[in-house]
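**Student:** Have a look at this one.
Coordinate-derived values only; no laboratory data. Because the structure is predicted, anything quoted here is derived from the model rather than measured. Note that each Cβ is placed from the backbone with ideal geometry, even for glycine, and that neighbours are counted across all protein chains shown.
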Amino acid sequence: MILNRVSNGIYLRYRQQSRLSFYAASLSRARYSSTLQRNANTADPQPNHVAVQNHIVELKSQPLEKIDVHQLLSFDKIDTEEYRTTNAQYLQRTLPMRMAHRVHDFQLLPFIVGCNPAIKSVYELQVHNFDLLRRFPEITTIGEEKEFLHMITDLLNQNSDVVNTLARGFGQCKHHMPKDQLTRVSDRR
């Protein structure tokens, strides 16, 4: 009976988190649906899970481009529309690749760890963010650059508690995976 109460409590917490995730996802979809509908390939705001997974596998196979301090410092030197659009295009090209690597890391976790409500909620959020990024139309104008920047800002705000949630989830799962694997997943950038 105690086990049943505990599992029901976990289930209820998971359902509450799922509802919040669904609510956040609904807001994001509604906000960006007009932007996404400009592209004929993205008219459906609902994610196609097979297409998302295929895109993750495709991007995961590509090596990540290293960024050094000099590149980061050079982003602040010039502020023209062309330069801002070029930087947004670079971010649009590389950010989904980085997110695909991150999502793939979650997929490699042991099953019992991936079932943890905290870790599962972060995984679902990462997949949702990846899908939004992959479906954003190609940036060609300064207006599209501003929309993309606004979307990135919203995603950062939605992800503000991810580190704490992951820490809580990995703390709950530390007995289910080796310490070196836990460190490798949590330290990956």
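**Student:** Sort S160, S61, S121 so the one with the fewest other Cβ atoms within 10 Å of its own Cβ comes first.
**Tutor:** Fewest-to-most ranking of S160, S61, S121: S160, S61, S121.
**Student:** Loop only by DSSP, 11 or fewer other Cβ within 10 Å of the Cβ. Give me the trypsin sites (Lys or Arg not before Pro) in segment 76-145 that pass, ordered by residue number.
**Tutor:** Passing both the DSSP loop test and the Cβ count: K77.
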